Amino acid sequence: MLSHSHCDSSFKKPKNSNSPSSSDENVLLHTSRWTPTLLDKLGVVISENSPEQIIKEWSLVTLSQSVLKDIETKVLKTSLCLRNMDFASVEELWERTRHNKNLVKLLQPDDFHDTIGHSHKSLFERSSFDDFLYTLGCVLNVVEEKRETFKWQYELLFHKFLQMFGMSSMHQPLVSTKETQILGRTVGSRPDLLCTTSNPRTHRPILIVCQVSKDSAPVNETDESPPNKKPRSNASVNSASTSCQSPACFCAPHVGGLLVHLNRSATSRAILGMTVEKTFVRITSLHVSKDTLEKIRTGDVTRSVQYEVGEQRPRFFYSKPMNYLKKEDRNELVQALLHINMMQKKYEIE
C-alpha cells in the first residue's frame, strides 16, 4: 500500500502542513484546483489495485456464478467482434484511414453479425457498434480538419464506448456542478462524465464519476503527418509510462471530485470513478467511513485532519491504465464494465 508521497516528488509534505495558507483555502474551493498538499491534510492513503479487485471491494451487489459465466461469454464475443480495433491511439487510427476512410470495412470483421448472433438481445446494448463507429468517424474528421485533438473528442468517444456495454452516462452540459462541505468550506466539483442508474433522479444514482484529460498539441498546417505523431517504431507500443500521467498528476482533483459526489453514490460504502487520459482508462474508487467523512467535512482548513492510532483513513484505489482502442488492454476493461452493468441491473430489481 502506498501513500501519495510515493507517487511523485510533488507529493512530498510541506515542512509545516498545519500552518495557515490562504492559497490552500482558495485551491480547496473547486476540486479542479486541488493539489497533493490537500490530500496530505485529509490523510488520504493511495494504493494501486487490479480493476477486478477495485470493483469487488466497491461491490454494489453480489453476482451469481451463472451471471459471472455470462459475463465471461460476453467478454469473449466482444473480443471477437472488436478484434480488428487494435490501435495505440486516435492519431494512429487517423493515419491508417487517411486514404481508406471506410471505418466499417476496416474495423468490423466479416463474421461480425454471426459472432453476435441473431437473438433478440444484441451483444452491444444501449448503443450499437455502428453508433460508436459513427462517432469515431466524426472525431477523425475533426482530427483531419483541425490537425489537432481536443478533450471533448475523448469525452464523446468514451461516452459512446460506455453505452455499448449498457452504461447510462451523461456529459456536460447535462452534468452540473455539485457542492459539499470539506474542511469547513463549500467545495464545488463538475465531472466530465457521470454514469448513473437508469433513474438519475433517485437520491443515490451515481455509479461512476469520470474525469477526462487531454494535452492537445497543434500541428503545422502544411505538415501531412498526424497530430502528435510518434516514430513508427513506437506507434504500436502500449506504454503507460509515456502515454499516461503518473498518479501524482490526476489523484488530487479526482479524489476531490469523488469526495464531493460521495453522498450520491449508489452505495454508501464507497464511490467508483474512472480517469480517462486520451483513450487510456483507469478504474478508481474512494472508501470513506461515516465518522471519517464527518471529520473531513468539519475539519479546520488550516490544519491536517487528525486520526487516532488505528482509525480508518480515506482510501483511494486506482488501476493500471487500459487503452480501449488496444486489443490487449480492452478485455479487462470490458469485463469491468460488464460487471458494473450487471451489478446495476440486479441492484435495481432488488
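The values are calculated or read from the model by the stated rules, or taken from the named source; none is laboratory data. This is a predicted model, so every value here is computed, not measured. When we count neighbours, we look across all protein chains shown, and the Cβ atoms used for this are built from the backbone with ideal geometry, even at glycine. Areas reflect the complete protein model, heavy atoms only, side chains present, ligands, DNA and RNA absent. Shrake-Rupley method; radii C 1.70, N 1.55, O 1.52, S 1.80 Å.
Among the residues of segment 152-183, just one is touching an Asp or Glu at 6+ places or on another chain (Cβ under 8 Å) and closer than 15 Å to Glu277 by Cα, namely Glu155. Here Ser66 meets each of (1) within 18 Å of Gly166 (Cβ to Cβ); (2) in contact (Cβ under 8 Å) with a residue 24 or more places away in the chain; (3) open to solvent by 50 Å² or more (accessible area, probe 1.4 Å) with one exception, condition (2). Looking only at residues in segment 123-147 that are in contact (Cβ under 8 Å) with a residue 24 or more places away in the chain and among the β-branched types (Val, Ile, Thr), the one that is surrounded by the most Cβ atoms within 10 Å (Cβ to Cβ) is Val143. Evaluating Arg83 against the criteria (1) under 12 Å from Asn331 (Cβ atoms); (2) assigned to a loop (DSSP other than H, G, I, E, B); (3) touching a helix residue (DSSP H, G or I) at 6+ places or on another chain (Cβ under 6 Å) leaves one unmet condition, (3). Exactly one residue among Phe158, Phe165, Phe150 is aromatic (Phe, Trp, Tyr) and open to solvent by 10 Å² or more (accessible area, probe 1.4 Å), and that residue is Phe150.
Condition first: free of Cβ contacts under 8 Å to residues at least 12 places away in the same chain, part of a loop (DSSP other than H, G, I, E, B) and within 21 Å of the chain's Cα centre (by Cα). Can you find one or more residues in segment 166-173 that meet it? Looking for residues that are free of Cβ contacts under 8 Å to residues at least 12 places away in the same chain, part of a loop (DSSP other than H, G, I, E, B) and within 21 Å of the chain's Cα centre (by Cα), one finds at least one in segment 166-173, hence yes.
A Cβ distance below 7 Å, combined with a sequence gap of six or more or placement on separate chains, defines the contacts here; from segment 330-346, residues that are more than 11 Å from Pro51 (Cα to Cα) reach residues that are charged (D, E, K, R) and open to solvent by 10 Å² or more (accessible area, probe 1.4 Å) in the pairs Leu338/Lys74.
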